[in-house]
Amino acid sequence: MLNNVKLRVEDLRVWFPVRRGLIEFLQRKPQKFVKAVDGISFYIKKGEIFGLVGESGCGKTTTARALMRLIEPMGGKIFFYGEDGPIELTSLNKKQLKKFRTKIQMIFQDPYESLDPKQSVFDALSEPLKVNKLVKNSKELLERILSVLEDVRLYPPESFIDRYPHELSGGQRQRVVIASALVLNPEIILADEPVSMLDVSIRGEVLRILLELKEKRGLTYLFITHDLSLARVICDRIGVMYLGKIVETGSSEEVIKNPKHPYTKALVSVIPVPDPTIKREKIILKGEVPSPMDVPSGCRFHPRCPYFKEGVCNKEEPTLMEISKEHLVACHLWEDI
Amino acid sequence: MGMRWHLYKKRLKSTWNVYKRNKKGMVGLTITLIFIFIAIFGPYITPYDPKKIDKTAMWEPPSFKHWLGTDNLGRDILSQLLYGTRISLLVGLFATLISMALGTLIGLLAGYYAESLLGELLERVIDFFLVIPYLPLMIVFATVMREMEIKLPLFWIVIIAIGITGWSGTARVVRSQTLSVKERQFIERARSIGAGDFDIVFRHILPNILPLVFAEAVLTIGGSIIAEAALSFIGLGDPTHISWGMMLNYAFTYAAPLRGAYWFFIPPGLAILILVLGMTLTGYALDEVLNPRLRER
Amino acid sequence: MLEVKGVKTYYLTDEGQVKAVDGVSFAMERGETLGLAGESGCGKTTLALTITRLLPRNARVISGEIYFDGVEILSLDEEEFRKIRWKDISIIFQEAMNALNPVRRVGDQIVEAILLHENVAREEAVDRVMNALEMVGIDRERFWHYPHEFSGGMRQSALIAMALVCNPKLVIADEPVTALDVMVRAQVLKLIKELQSKMDLSMILITHDLSVIAETCDRVAIMYAGKIVEIGDVISIFKDPKHPYTKGLVKAFPSIYGPRELPASISGTPPDLLNPPSGCRFHPRCPHVMDICKVEEPEMKRINGKQYVACHLY
């Protein structure tokens, strides 16, 4: 397995300290943390699309930002397997990180907000190259920009370079964002809900472009989404997150057809289905996801779990166990349910 | 890139179209333009040399010969007023340039580094300058600079004194704008492609707050003009140049109000009032027009 | 019960008239749930605001009539319509966060809704609100809480309670579950379905999400560029769509029970409502475009039973 892994995350933790008032400080109350990501481990194979799925607040977006070190993880290791062997990302210093930045790039969710309204398409695409000093002259710069615009199917590329974001449609803007990530020739792309803010009728086109690019350039993707039906068609493997932990992981088809964790089962049962003739049993959980500041003891899903067993589920945190080929679950009771 | 120019022109045109419909903005702009016109062409249209002393025509009230009368030395008031426009506007402009540059820089740094020690420190500095009344502070600076016998013409001392006391308002606005722009997703994107702090502040944040900085600048010029008048009135100004403040200084020194020589002190006072009003209206209108919420989408 | 005839609502802007709703007609019976589906900018929210007469200042209803229980409501003056608004027709807004006043208690706001429209004593209103909250699954105690103490799902449920508290005949729900997480979404949709059966509600449900429509609606109207392009019962629309846009839209929603394929997309860009395409608005993006489509606007024709399409192919 190890020789075709591109990225491996080991026990990643991202905790945000909660600002304390003066009184709490004087009372010497313990520092509280928002445990956005609380010890997750997974790997992504070369050329694979790995999906991180879950509801809002589960930590998937924070994970992506931690992988890029836009947010500093407070624990855990991230291994990138490149040509020169594994590099451990959390140990890189500022200078090394800058050099490394070009290898992992990110695509953001909101096409209206992720582009600087004062920058033309040309500016937005040349900035990554200029900042990393990757081009020698303006001719080379222009060539690279035109070429990457063609890659994202913005034809004719010359007509797009002088446009500003407000002159582009949502789908076009998102393609510019993709282009600006591609222009650095990264090896891994982290796509954070890349189509959820686009009109439904344009999503397919953007997804097709992403897949095409993956084939053409041999890219590896981390695909973050809350939409399980989308994860099923796009991702090869997925990891389901709940309150900062991965509760189940496996091939997307397997996890969705045959979920083993109670949370996954419930989530899958309520996936929106655009078909009025399908009737199914929905497991609708009570209440909401607790705050990451007050994580429940033991298995953090236990307060809402329909199979909760006193003394077991609230005592000890379950770890991910392999129950069949590449299908892992973190649940004490998975065999009985 | 020649293409860039025509895009700027398009933007300017659309901004102008919206501005045109702002009534107070148009009034303000008209007033301002009239004064600018006077400042440029004033010296060529003055009927008399403002410095010409005419002992035969002292303290004359407004007449056909002297539209605004004469002062204690027989100098024509109208000519002084027209000449003074230039000085007032120039001082206002240069002083504003200084406070804008200072205010913008400090505001940007205070906003961008807000969570670190530097940011907290700068925030306190800004607050400090905001809270202290500008007039005493300005007087202190001007006096200290004169006492120190800095080898600069008085004209520039006045400008510097105004400039280094007037930056805090701009800094506050710039800081709060920086704080909000900093959180936008395109800034995060800039970081992810490897842009450093310098790039982010000057290539991304500054262009996005520039329109408001510009509006703020217009308002600041108004304040600077009043500041110049105040300094000159107190006697800390440059007596070699005629400015409205200087005129007020002479008027009160020679007891014009007691003599009932209203034509001596009302014109400069009114001039200050109207010009600053004009610039303030323009500044507010610009602020409304350039508000980023309306402009981008 | 509700009849909309030829309604045209335009927005007046610097650049010209935005033809948000450009000739929409449909009818609704008592007790049915009609889905209004379409992507952003198709005019569905504007239509809802037109029916409830809550349009912003720069919008004008250029033409058309709306009959509610036989009364033409667009021509009523504000005072008279206020009696109908909320009491007979109520609306659940899209952004639950923004629809509630953050500095007032939730219960008080809903009570206010009652007191504004009905002549009842405050105690009675408070009682009704507490019952309404219970009905939407919120603890009675929460009456005294502020909006920030409510979770997203609860706020949405509170808005539903507010819309139902005067026992209206028609409820218009604009994207009621779009901003919610999938589990909360399921909770709220379950609530809506329970209320539908318990209260014999008539509802117009506006959304771009076809799966919400599949779950809750009896009939669906598909909107594109300010016009209704197809309308019919929910099963026919999903299983046998006629209009090319409907076909494309249905295929753009992946189903976990279907094949593992990428969602289909519709080529082209959303229409410009300032200068909509000539003839059939959809023609620049239609895979079956013919010459007549570029010139002449198609009329609504009956296909079968309750299904109507506006397309030259038929």
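FYI, it's all coordinate maths here, none of it is from the lab. Nothing here was measured: the structure is a model prediction, and the numbers come from that model. Here Cβ is always computed from backbone atoms with ideal geometry, including for glycine, and neighbour counts include all displayed protein chains.
Note on region B:168-293: semi-axes of the ellipsoid equivalent to its C-alpha gyration tensor, largest first and rounded to whole Å, are 45, 15, 9.
Normalised by the empirical 2.2 N^0.38 Å for globular proteins, what value does the Cα Rg of region B:58-129 take? Numbers along the way, then the final one.
Working: Rg = 22.7 Å, N = 72, 2.2 N^0.38 = 11.2 Å.
Cα-based Rg divided by the globular estimate yields 2.03.
Take the Kirkwood radius over Cα pairs of region B:227-297, plug it into Stokes-Einstein at 20 °C and 1.002 mPa s, and you get 152 µm²/s for translational diffusion.
Once you average over the residues of C:177-186, how many Cβ atoms of partner chains fall within 10 Å of each Cβ? Please list the in-between numbers first.
On the way: counts 1, 0, 1, 2, 9, 13, 14, 8, 4, 10.
Per residue, the number of nearby Cβ atoms from other chains is 6 on average.
The count of lysine pairs in region C:182-314 whose Cα atoms are under 20 Å apart, excluding pairs fewer than 8 places apart on the same chain, comes to 17.
Dipole magnitude for region A:1-43: computed about the Cα centre from +1 point charges on Lys and Arg Cβ and -1 point charges on Asp and Glu Cβ, it is near 220 debye.
Summarising the strand pairing of chain C, around 60 percent of its internal DSSP beta bridges are antiparallel. A quarter of the convex hull surface defined by the alpha-carbon atoms of region C:23-137 gives 9.4 nm² as the mean projection. Rounded to 0.05, the FRET efficiency of the B:GLU115 and B:PHE41 pair, given R0 = 41 Å and the Cβ-Cβ distance, is 0.20. With each label modelled as a point 7 angstrom along the Cα→C-beta vector, the A:ASP236-B:LYS65 pair spans 10.1 nm. Quick one: check the C-alpha center-to-center distance for region C:21-91 versus region A:288-303, whole angstrom. Each part reduced to its Cα centre gives a spacing of 44 Å.
For region B:231-262 and region C:128-182, what is the centre-to-centre distance using only Cα atoms, to the nearest Å? The distance from the Cα centre of region B:231-262 to that of region C:128-182 comes to 69 Å.
One chain, two ends: C:ASN101 and C:GLU123. Fully extended at 0.36 nm per residue, the span grows by 5.8 nm beyond their Cα-Cα distance. Volume of the convex hull of chain A (Cα atoms only), normalised per residue: 172 Å³.
Subtract the Cα-Cα distance of C:GLU194 and C:GLU141 from 0.36 nm times their separation in residues, and report this length gain in nm to one decimal. Spell out each step's value before the answer.
Working: separation 53, 0.36 × 53 = 19.08 nm, distance 2.22 nm.
Here the segment from C:GLU194 to C:GLU141 would lengthen by 16.9 nm.
Report, to one decimal in Å, the Kirkwood hydrodynamic radius for region A:1-155 based on all distinct Cα pairs.
On the way: mean 1/r = 0.0537 Å⁻¹.
About 18.6 Å for region A:1-155.
Under a Gaussian network description of chain B, with springs only between Cα atoms under 10 Å, the residue in B:GLY169, B:GLY194, B:GLY222 that fluctuates furthest is B:GLY194. Taking only the C-alpha atoms of the protein assembly as shown, the Rg (one decimal) and the largest Cα-Cα distance, Dmax (whole number), read 33.9, 116 Å. Simple rule: put +1 on each Lys or Arg Cβ and -1 on each Asp or Glu Cβ in chain B, find the dipole, and look at B:ALA114, B:ILE77, B:PHE64; the Cα lying farthest toward the positive end is B:PHE64.
Per residue of A:263-273, how many C-beta atoms from partner chains lie within 10 Å of its own C-beta, taken as a mean?
Values: counts 1, 0, 0, 3, 4, 2, 2, 8, 7, 15, 10.
Neighbouring Cβ atoms belonging to other protein chains average 5 per residue here.
To the nearest whole percent, what portion of all C-alpha pairs in region C:102-242 is separated by more than 23 angstrom? Intermediate results must be reported in sequence, preceding the final value.
Values: 4006 of 9870 pairs.
The calculated P(r) of region C:102-242 puts 41 percent of pairs beyond 23 Å.
Where does region A:38-128 land on Rg(C-alpha)/(2.2 N^0.38 Å)? Don't skip to the end; give the middle numbers.
Values: Rg = 15.1 Å, N = 91, 2.2 N^0.38 = 12.2 Å.
Rounded to two decimals, the normalised Rg is 1.24.
Using a simple spin-label model with pseudo-atoms 7 Å out from Cα toward Cβ, C:THR178 and B:LEU154 lie 6.7 nm apart. For a label point 7 angstrom out from the Cα of A:LYS103 toward its Cβ, which stretches of region A:43-75 have the backbone nitrogen within less than 19 Å? Once the point is set 7 Å along Cα→Cβ of A:LYS103, A:43-50, A:64-73 turn out to lie under 19 Å by backbone N, inside region A:43-75.
Taking every residue in A:197-210 and counting other chain Cβ atoms within 10 Å of its Cβ, the average works out to 6.
DSSP bridge analysis restricted to the protein assembly as shown gives an antiparallel fraction near 65%, rounded to the nearest 5. For B:LYS24, the aspartates and glutamates whose Cα comes closer than 13 Å to its Cα, not counting residues fewer than 8 places off in the same chain, are B:ASP287, B:GLU288.
The aspartates and glutamates whose alpha-carbon is closer than 13 Å to the alpha-carbon of C:LYS44, local same-chain residues fewer than 8 away aside, are C:ASP22, C:ASP174, C:GLU175, C:ASP209. Between C:GLU299 and C:ARG82, the modelled label-to-label distance comes to 4.3 nm, taking each label 7 Å out from Cα in the direction of the beta carbon.
Treating the Cα atoms of region A:229-289 as identical point scatterers in vacuum, please give the log10 of the normalised Debye intensity I(q)/I(0) at q = 0.13, 0.15, 0.19, 0.24 Å⁻¹, two decimals. One equal scatterer on each Cα of region A:229-289 leads to -0.36, -0.48, -0.75, -1.11.
For chain C, the spherically averaged projection of the C-alpha convex hull amounts to 17.2 nm². The convex hull built on the alpha-carbon positions of chain B has an orientation-averaged projected area of 19.4 nm².
Check each of the trypsin sites (Lys or Arg not before Pro) in region A:64-140 and keep only those in coil by DSSP with at most 10 other C-beta atoms within 10 angstrom; list them in order. Please report the intermediate quantities before stating the final value.
Numbers: sites: A:ARG65, A:ARG69, A:LYS77, A:LYS94, A:LYS95, A:LYS98, A:LYS99, A:ARG101, A:LYS103, A:LYS118, A:LYS130, A:LYS133, A:LYS136, A:LYS139; in loops: A:ARG69, A:LYS118, A:LYS133, A:LYS136.
Hits after loop and neighbour filter: A:LYS133, A:LYS136.
By the rule of a C-alpha distance below 22 Å, with chain neighbours fewer than 8 residues away ignored, the lysines paired with A:LYS95 are A:LYS77, A:LYS103, A:LYS130, A:LYS133, A:LYS136.
Expressed to the nearest 5 percent, the antiparallel share of DSSP beta bridges inside chain A is 60 percent.
From helices alone, chain C scores -9500 deg cm²/dmol at 222 nm; the rule is -39500 (n - 2.57) for each run of n ≥ 4 DSSP H residues, then divide by the residue total. Contact order, relative form, for chain A: 20 percent (alpha carbon pairs under 8 Å, 6 or more residues apart, mean separation divided by residue count).
Report, in listed order, any pair from A:LYS45/A:LYS309; A:LYS282/C:LYS87; B:LYS9/B:LYS182; A:LYS118/B:LYS9; A:LYS265/A:LYS325 with a Cα-Cα distance greater than 26 Å. From A:LYS45/A:LYS309; A:LYS282/C:LYS87; B:LYS9/B:LYS182; A:LYS118/B:LYS9; A:LYS265/A:LYS325, over 26 Å: A:LYS45/A:LYS309; A:LYS282/C:LYS87; B:LYS9/B:LYS182. Measuring from a point 7 Å past the Cα of B:ASP197 along Cα-to-C-beta, which residues in region B:89-127 have an amide N at less than 16 Å? Taking a point 7 Å out along Cα→Cβ of B:ASP197, the residues of region B:89-127 whose backbone N falls under 16 Å are B:105-123. Once the Cα atoms are used to define both axes, helix A:170-182 deviates from the longest principal axis of chain A by about 80 degrees.
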